Amino acid sequence: MSWIEEIDENDASGQLAEVYADLIEKRGKVANILKVHSLNPAAMQNHIDLYLTLMFGRSGLSRGEREAVALVVSATNECPYCVNHHAEALSHYIKDDVLNMLIEADGLETLEPRLSTIVRHAEKLTSAPGAMTESDLGELRAVGLNDEDILDLTLVVSYFNFVNRIALGLGVTYTAEEVVGYRND
């Protein structure tokens, strides 16, 4: 699971038990990336709320585009936990050859223009945030993103950099069973 103590669903009480029960009801199970928060249930709930807002909330970015960003950021950060989770989710939206390009972050410029620009922006913001310029936003606008979409994109990129560091910093692991079968992917 991880390198720190975690409280199992069967041993949870109070707020943690409530959060776990809600996750199981709505998502079908508790992801290890959330279980690692079990010593701080308030942070777990805030993490869940942010994830649901960014990944499932109203946005000019499609669910597939958001999952592609999650995958590219996670691959750039070499985070196998998030790469595997979001490759599974993204497989519902795109073809395998595109999925492999996103995982390898190779050939991103050959994707359709909008997706290519979005994921290349995500990769740059992840790997070289100090190199970002206002002209980078112009490239996003040129493929149809408005300022709200650009904010959403920046929030999704930032969120996955945050989550990658939790997973990598605390040694969060996954199993094949944990990666698949979530409700509302």
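The values are calculated or read from the model by the stated rules, or taken from the named source; none is laboratory data. A quick note: this is a predicted structure, and the numbers were derived from the prediction, not measured. Don't worry about glycine lacking a Cβ; one is built from the backbone with ideal geometry, like all the others, and counts go over all protein chains shown.
Structure data summary
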quantity: Flag for Asn40 being more than 30 Å from Glu148 (Cα to Cα) and of a type in the set (S, T, N, Q); calculated: yes
quantity: Filtered residue count, the range 126-185, keeping only those that are touching a residue at least 60 places away in the same chain (Cβ under 8 Å), farther than 20 Å from Ser74 by Cβ and part of a helix (DSSP H, G or I); calculated: 2
quantity: Filter result (within 13 Å of Val163 (Cβ to Cβ) and out of contact with any Leu (no Cβ under 9 Å at 6 or more places or on another chain)) within the range 12-32; calculated: Asn32
quantity: Failed criterion for Leu90 (all others in (1) free of Cβ contacts under 8 Å to residues at least 60 places away in the same chain; (2) more than 24 Å from Glu148 (Cβ to Cβ) hold); calculated: (2)
quantity: Condition check for Arg27: in contact (Cβ under 8 Å) with a residue 60 or more places away in the chain, in contact with a Phe, Trp or Tyr (Cβ under 9 Å, 6 or more places away or on another chain) and of a type in the set (Lys, Arg); calculated: yes
quantity: Any hit, the range 112-120, residues being closer than 29 Å to Ser2 by Cβ, of a type outside the set (Phe, Trp, Tyr), out of contact with any Pro (no Cβ under 6 Å at 6 or more places or on another chain) and in a helix (DSSP H, G or I); calculated: yes
quantity: Residue match in the range 121-142 (condition: touching a Gly at 6+ places or on another chain (Cβ under 9 Å) and within 14 Å of Val69 (Cβ to Cβ)); calculated: no
quantity: Any hit, the range 52-59, residues being at pLDDT 95 or above and in contact with a Leu (Cβ under 7 Å, 6 or more places away or on another chain); calculated: yes
quantity: Pair list, Cβ under 6 Å, 6 or more apart: the range 57-77 residue assigned by TED's automatic domain parsing to the domain that holds Val156 and under 18 Å from Gly107 (Cα atoms), other residue at pLDDT 95 or above and among the small types (Gly, Ala, Ser); calculated: Val69/Ala122; Val72/Ala122; Val73/Ala122; Thr76/Ser127
quantity: Any hit, the range 146-167, residues being more than 19 Å from Ala70 (Cα to Cα) and either out of contact with any His (no Cβ under 9 Å at 6 or more places or on another chain) or of a type outside the set (Lys, Arg) (or both); calculated: yes
quantity: Any chance His92 is out of contact with any helix residue (DSSP H, G or I) (no Cβ under 7 Å at 6 or more places or on another chain), farther than 20 Å from Leu50 by Cα and not basic (Lys, Arg); calculated: yes
